[in-house]
Amino acid sequence: MKFVEGHAAMVIEKPVRTLVVADLHLGFEEEYRSKGVRIPLQSPKIVQELQNIAAEQAAERLLVVGDLKHNVRGPSRLEYELLPKLLKPLKKVVDEIVVVPGNHDGKVAQLLAGLASFTPAKGLVVEEEKTGFTHGHVRPDRKVLLMDFIVTGHLHPVLKVGSGISSARIGIWLKIRGNRRRAAEMLYGKDVEIFSGETTMIIMPSFNKMMQGRSVTEISESGLVRGPLLKTKAFDLMTAEVIGLDGVYIGTLRELREVLG
Ligand SMILES: [Mn+2]
C-alpha cells in the first residue's frame, strides 16, 4: 500500500488497483442547515476531488472505509437527492465502489443499488495485501485481526499546529503497532490460540476536511480511544507514528503531546 501524497487517501495494488478513503460524510451540509447555517453545498466538490484522484491514480476500484454519508438515522432528504447524483459520475471513473459501512451508513444500500456495494460492517479482508478494512465502530471480524495491517477511519485525527489566528488543523495518519493476541482476547474472549505476534493499525484522516476532527495532542488519551479495537488497549496510542498528508513522519504521538500538548 502507499499513501497518496497530499490527500487523505491510499492506494492498494491487489487484486485490482484500488483507491482507499474514509469518512466522506456526504450530505453533512444538512446538519449545518438544520442549525440555521446555510453553507453552500460542499459534497459535490469532495466527490469531484475524489474523482480527480481516482483518475490520476488510475484506480479501478474505490473503497470507502466507512461514513460515505453523514446522517446517522438513514439518509436525509438531501442525501436521497445527492448521493445517487454524485456517485453516478464517480462510477464512470472506477469500475466498482465498495463501502465498508461506518456508523453513518445505515439504510443506504438500497438507495445506491447498482452504484455501490456494501460489505459487512465487521470488515473486509484483502488477502493479497494482507490488509483488513473496518471503519472502527464495531468489533472487527477475526479475519481482519489476522491481517498484517488493519485500516480504519472513524477517529478523524488532526494535528493542531501553530497558535491563535495562524493555527491550523491538519489531517494526519496514525500508524500503531499492537499485540494481536491481547486484542483477540479482549475482542473474542475464547479460541484465540491462532492469534500471535503483532499487527499494525492505520487510522485514516477524514477525507472530508469540513469534519471537525479530533486534535490528537489536545484531547485526553481516553477521548482518543474510540471503538472496540482501540478499547482493547492492545494498541498503545502514545506510540503511534504521526504521519502528515505529504507522507512525512512527524513524530510519535507521545513526543508531539509533550511539545504541543
Ligand atoms: Mn466519520
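Quick note: the coordinates plus some simple rules give every number you see, no bench work behind them. These numbers come from a predicted model, not from an experiment. Cβ sites come from the backbone with ideal geometry, for glycine too, and all protein chains shown count toward neighbours.
Observations on the structure shown:
- Across the chain, Cα pairs under 8 Å and at least six residues apart give a relative contact order of 18 percent.
- Loop-located GluC sites (Glu not before Pro) in region 109-209, at most 16 other Cβ atoms within 10 Å (DSSP): Glu193
- Within the chain: Cβ-based charge dipole about Cα centre, in debye rounded to nearest 20 (Lys, Arg +1; Asp, Glu -1): 660 debye
- Separation of the Lys130 and Leu111 label points, Cα + 7 Å toward Cβ, nm: 3.9 nm
- Among the DSSP helices (H) of the chain, none spans at least 30 angstrom by Cα along its long axis with an average Kyte-Doolittle hydropathy of 0.0 or more; this is a geometric and hydropathy rule only.
- Note on Lys190 and Lys231: the model spin-label points, each 7 Å out from Cα along the C-beta direction, lie 2.1 nm apart.
- Listed by chain and number, the lysines whose C-alpha is less than 22 Å from the C-alpha of Lys91, apart from same-chain residues fewer than 8 away, are Lys14, Lys45, Lys69, Lys107.
- Taken about its Cα centre, region 29-106 carries a charge dipole of about 340 debye when Lys and Arg each add +1 at the Cβ and Asp and Glu each add -1 at the Cβ.
- Residue among Ile12, Leu86, Ile39 farthest towards the positive dipole end of the chain, charges placed on Cβ: Ile39
- As a rough footprinting exposure proxy, the listed residues Leu41, Leu260 were ranked by other beta carbons within 10 Å of their own, and the order from fewest upward is Leu41, Leu260.
- With Cα atoms as the point set, the chain shows a radius of gyration and Dmax of 17.9, 54 Å.
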